[in-house]
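The values are calculated or read from the model by the stated rules, or taken from the named source; none is laboratory data. Keep in mind it's a predicted model, so treat the numbers as computed, not measured. Positions of Cβ are backbone-derived with ideal geometry, glycine not excepted, and every protein chain shown enters the neighbour counts. Accessible surface is based on the protein model in full, side chains and every heavy atom, while ligands, DNA and RNA are left aside. Shrake-Rupley method; radii C 1.70, N 1.55, O 1.52, S 1.80 Å.
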Amino acid sequence: MSDPFAELLGSSGWKSSSNETRPYARDWLDRFGEPPLGVALPATTEEVAATLRLCATLGISVTPQGGNTGLNGGSVISAGQRGIILSLARMNRIHEIAPVAMTATVDAGVILQALNEAVASHDLMFPLHLGAEGSAQIGGLIATNAGGSLAMRYGMMEAQVLGLEVVLPDGSIWDGMRALIKDNTGLQLRKLFCGAEGRLGVITRAILKLQPAPAAQATALLVLSDVESMLRLGARLRHEAGDMLTAAEFFCETGLAMLLHHLPDLRRPVETPGPFYLLVELATSRKSADPKVLLAEILEQAFESGNVVDGVVASSAAQRAALWQLREEMPEGQRREGPQIKHDVAVPVARLADFVALTEPMLSKILPGVRVNPFGHLGDGNVHLNLSPPPDADFAGTEAMLSQAIYDLVVSVGGSFSAEHGLGQAKVGLADHLRSPIERHLMTALIAAVDPDARMNPGKIV
Ligand code: FAD
């Protein structure tokens, strides 16, 4: 089995022993992943194309893998499938940073943090920020259409992509590497690959939009008594800070208490315990503007009106990092607590307060004492609604009922059952149940048109 791949890709491009393939075989949360027949590590677009042609000849499937940080099992082999993993790890060159056009031309295997470090020396930034940025790759971020904490201000990954190069399932190469914002030459093909989770081909290169790096930032962590107050403050910040508002991230006392218990090096940032905490950040590239002054003015009014109960403004880079760490380590605190059920949903901002208020009583009827930990991105209504069982207990077989109740509520308020993590294999059944027949038909037909033999990452999305 391994010989033709080894012949094609050489010893550094093909791994087939179980010792070598093990690190690639399971997903980040260790929930999914059949053993692959091998792991291909092509070094060029032409090698990716030749690998896909070989897979077609041999009749085996291909699962593209980036940093393997996806949270729905998209980057590993689906149950019952026989296939290889194609890792982009060796395709990690930053080809060009164009400071005047404010674009970067990169291989798909470039790690997000490496891109951020490279553009920083040009006084630029790539506006995507998420907890997995030390491992997640540009190709994976495009294939999942990642969001993160800056999405409210700059949009999701698809908004950052100008051009793409993709190897299609039959091994042909689509060269869509055009650095254009305006390119209305028919269907927006580059958009099709954003969020396709590797089902339409392997993304090999991209041209990305960059933004001016902030010259100054102001960050605060605020304590609020309810979601309604958070939303009111969020709206006020948008009015008064305009495009300086780059993040509005929330979490709750349940999550913070778990985090401080399991990561004792972290400190409670304010004396007054919340029920809710809002991390806000203003940033600007304008040298003449001072976001700290503006934030102080807005917060003074917010304290006076009673919207904010307590808060702290970061006075140094270290303090800013410590505040962000509380938000970013939220999933880690809950992971260390033991069994959990994760939900990545979005609800219209206007329904967010109702949604959060309804969840705990609704879920307590199914499992009394269940601990509900909502946190996420206030500005775009994206809630990570994660559950832990009552202390010293387990979910006692209620997992499916709890999740179903949440998804039904999400749909009833006009929300999305997958906000930014995609579907992978974890949510295929759910999608089949909740997506309209027309959406299902469109997606199935598009995938079948590009990949009639269903060899690209089967078992994901549909
Ligand atoms: P992988 O996990 O390797 O793959 C994900 C999917 O993309 C798979 O379907 C895979 O087949 C496909 N794929 C990968 N590379 C390619 C390619 N070159 N061509 C075609 N298909 C490809 N996500 C958010 O959106 N926002 C967050 O705030 C966020 N925070 C996170 C925090 C932590 C701690 C962790 C572990 C994850 C977080 N994620 C978040 C999820 C994850 O980081 C993103 O989904 C990310 O985009 C995955 O990138 P990756 O390179 O690891 O892709």
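Odds and ends about this structure:
- Along each principal axis, taking the top coordinate minus the bottom one, the Cα set of segment 215-260 gives 33, 27, 11 Å in descending order.
- Potential lengthening between Lys365 and Leu8 on full extension [0.36 nm per residue; Cα-Cα distance subtracted]: 122.7 nm
- Each Cα pair under 8 Å and six or more residues apart adds its separation to the average, and for segment 263-347 the resulting relative contact order is 34 percent.
- Extension gain, Ala448 to Glu20, is 150.8 nm, computed as 0.36 nm per intervening residue step minus the present C-alpha separation.
- Over the chain, the hull volume per residue, using the convex hull of the C-alpha atoms, is 155 Å³.
- The magnitude of the dipole of the chain, with charges of +1 and -1 set on the Cβ of Lys/Arg and Asp/Glu and taken from the Cα centre, is near 580 debye.
- Pairwise Cα distances in segment 98-182 exceed 23 Å in 20 percent of cases.
- Ellipsoid semi-axes in whole angstrom, largest first, where each is sqrt(5λ) of the Cα gyration tensor of segment 15-86: 20, 13, 11
- Taking the convex hull of the alpha carbon positions in segment 53-146 and averaging its projected area over all directions gives 7.0 nm².
- Accessible area per residue, Å², segment 29-105 with all protein chains present, probe 1.4 Å: 39 Å²
- Ranked packing of 172-182, 107-117, most packed first, by mean Cβ within 10 Å: 107-117, 172-182
- Protein accessible area in the chain, 1.4 Å probe - carbon and sulfur %: 54 percent
- Every pair of different Cα atoms in segment 364-462 enters the Kirkwood calculation, which places the hydrodynamic radius at 15.7 Å.
- Pairs of Cα atoms nearer than 8 Å and 6+ residues apart set the relative contact order; for segment 129-199 it is 34 percent.
- For segment 222-358, the spread of Cα positions along each principal axis, largest first, Å: 48, 35, 27
- Pairs of Lys residues in the chain that lie 8 or more places apart, or on two chains, and have C-alpha atoms under 23 angstrom apart add up to 10.
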